[in-house]
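The values are calculated or read from the model by the stated rules, or taken from the named source; none is laboratory data. The structure presented is a predicted model; accordingly, all values stated were derived computationally and were not measured. Here the Cβ is made from the backbone with ideal geometry for all residues, glycine too, and neighbour counts use every protein chain on show. Areas reflect the complete protein model, heavy atoms only, side chains present, ligands, DNA and RNA absent. Shrake-Rupley method; radii C 1.70, N 1.55, O 1.52, S 1.80 Å.
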Amino acid sequence: MNRTTPRAAAIAAVIDTKLSRRTLFASLTAMGLALAAGSVRAETAEGTATEASAEEQKIITAHGYSYFGNLAYPADYPHFDFVNPDAPKGGELVVDSSGTFDSLNPYSRKGRPGALTSIQYDSLIESVEDQVGEYYGLLAESLEYPEDKSWVIFHMRPEATFWDGSPVTAEDVVYSHKLFITQGLPSYAAAVSEMVTSAEALDEHTVKFTFNTELTKRSRIETVGNTTVFKKAWFEEDPENRRLDEPRMEVAIGSGPFKLDSYDVNRRIVYKRRDDYWGKDIPFNKGRWNYDTIRVEYFADQTAAFEAFKAGEYTFRQETDPRLWATSYDFNKIRDGVIVKEEIPDGSPPNPTGFVFNLAKPQLKDKRVREAIALAYNFEWSNESLRFGLYSPRSSFVEGTHIEATGKPEGAELAFLEGLGDVVPQDLLEGDVWTMHESSATDLLDRGTKRKATRLLEDAGWVVGSDGLARNEAGKTLALKLLLPTNIESSVESMHETFVQNLRAIGVDASYDKVDPSQYTNLRRDRMYDMLYSTRYGAFLSTGGGLTQMYGSREAEFSLFNPAGLASPLVDAILAASFEASSQEETDVALKALDRALRYEFFIIPDGYIADYWVAYFDMYEHPENLPPYDLGYLNLWWVNPEKEKALKEAGELR
């Protein structure tokens, strides 16, 4: 969803493929970047909207930011409700990652970045894990902006310092902003460079951003405020080799709570908590960042990683493989109470994972072809046979929330869609919202489903011949190649095998390529696939520019967060209208319409979801009684109980 902090998103996204499946129900960020506002112009019936002059407006001064001005925590909040402010400091968290890394720069699209690199950096403001669309000051003590949000001034904390003891200044903020514009991911750079007309340091600790008032007011302030802040002087010392858009093993100086201690390429990365971290006692960080050390151990694949966990080579595991969760967590350390197995409710809407179509491929442009291909995926059989019945079916991009589209559009949603004009297809207005088909849990491909799929292919011009393959008028087969990495979960690989088997049964010339993680990363970035299993799309509970990077047309050709290359005038119109909503109620109506439209466009085959976090950990970790609904928080909210740690060491269970 549209609430992840840059740091938290990078933590979830880069640690490995397994963890990225449970990203914090976010509009995914560019491995540490705040999602940029889309370039959508605000229109009125008269034409381009104008904004009131500064003299007519109230200037809002606050300790945080939300689009409608509501903040759950007052200016004098001592700490967030979900933390343990008295959590002890100390101990080590050891987690796993699979695959390889060849860079410690998480902000480049080149190379494979090492896990958790972004915990070394701060931003002006950060989102909070129990609210949607609310941001509170981190490097910034306060901010001020007019009602039209045409500019924002951040007042920075003078005590904030980098690792080397130098102050974090407004010049560093301006430089970091310009660095992301000139060397950041293209989708971010294009949108933000158009959105921000100027960034200036008013004095050492005051920075002002001025915005393009012809564009939407959404995502202005949180985008610039949520951007990582680097030390300007460090980059300027060696501008040729210290670039944001190139992989490198040298780490840029940061101001965050952790600092790189050591690394062994493709084996481990170690971060140490900074005793001199400037922000350790501010309200935002009370009860956070409790470990002395965070260590990431790398393994070739998921099988090797799980065996290493059983052997005690790392101490915390978040499981996403249902086969392992159902059948393999009965080893000695669990039976002896050394390791705790726990299911923790996940309050966020599930990420819309599944098999994504590359819409740029000619054979996939006809929706009937995509619908036929989808019929070859049997969720019910896969769930029972490969996932031990632990998954629930999913149709919506916001499954189980108040903005999930159901049935036919009616009431406020219908009026909203009708108000968009001819861009809305009549069948979307009159028909039921798309839902995932139901299949037999005992028959991988029943005859009725096969007939329906074949009929759809024939209607689209693909006729199955005597050799069992569908061909078009030119005699070309309906070729479909799926892409997956070698370190993917075993149950997901099995899903590919049975999916391909069913695809061939309906006449599709289907196969899948299994490649090493580094090759997979490059092929995925260059969209060298017909379909792939993806976790890149995010759920949403609020609107903002991040949605344009995932679902908008402007960045569709190159956005890493839009692997289908979706470019829909319908979706664009809904996004633009959502940005201009004047209340939360209007926003919710627009987002419900967005869910309906995304399902109508049909570019992903949902594979279901799990409603809980599955975790197993050495019995020394503890967490707040009431974890926030939108984050498991094991990296920055949990802690080590020193007595339990001591007992495990004395028993020889900790290395």
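Numbers for the structure displayed
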read-out	value
The range 620-633: number of residues that are part of a loop (DSSP other than H, G, I, E, B) and either buried (at least 19 other Cβ atoms within 10 Å of the Cβ) or within 17 Å of the chain's Cα centre (by Cα) (or both)	9
Check on Arg554, open to solvent by 40 Å² or more (accessible area, probe 1.4 Å), within 30 Å of Ala593 (Cα to Cα) and out of contact with any Pro (no Cβ under 9 Å at 6 or more places or on another chain)	yes
Those residues of the range 57-106 which are more than 30 Å from Glu246 (Cα to Cα), among the acidic types (Asp, Glu) and outside any loop (DSSP other than H, G, I, E, B), in sequence order	Glu92
Sole residue being surrounded by fewer than 22 Cβ atoms within 10 Å (Cβ to Cβ) and either closer than 23 Å to Phe209 by Cβ or in contact (Cβ under 8 Å) with a residue 12 or more places away in the chain (or both), chosen from Asp130, Asp122	Asp130
Some residue of the range 449-458 being of a type in the set (Ser, Thr, Tyr), in contact with a Leu (Cβ under 6 Å, 6 or more places away or on another chain) and crowded, with 16+ Cβ neighbours inside 10 Å	yes
Residue, least open to solvent (accessible area, probe 1.4 Å), within the range 230-252, restricted to residues that are acidic (Asp, Glu) and more than 29 Å from the chain's Cα centre (by Cα)	Asp238
Of all residues in the range 294-314 being open to solvent by less than 10 Å² (accessible area, probe 1.4 Å) and either of a type in the set (Lys, Arg) or in contact with an Asp or Glu (Cβ under 6 Å, 6 or more places away or on another chain) (or both), the one that is farthest from Leu484 (Cα to Cα)	Tyr314
Qualifying residues in the range 74-100 (those that are at pLDDT below 95 and in contact with a Pro (Cβ under 7 Å, 6 or more places away or on another chain)) - the one farthest from Leu260 (Cα to Cα)	Gly99
Output for the range 571-606, where each listed residue is charged (D, E, K, R) and either in contact with a Leu (Cβ under 8 Å, 6 or more places away or on another chain) or at pLDDT 95 or above (or both)	Asp572, Glu585, Glu586, Asp588, Lys592, Asp595, Arg596, Arg599, Glu601
Test: residue in the range 268-288 that is more than 23 Å from the chain's Cα centre (by Cα), more than 24 Å from Pro88 (Cα to Cα) and not aromatic (Phe, Trp, Tyr)	yes
Residue within the range 256-267 that is more than 28 Å from His79 (Cβ to Cβ), touching a strand residue (DSSP E or B) at 6+ places or on another chain (Cβ under 8 Å), in contact (Cβ under 8 Å) with a residue 40 or more places away in the chain and among the β-branched types (Val, Ile, Thr) present	no
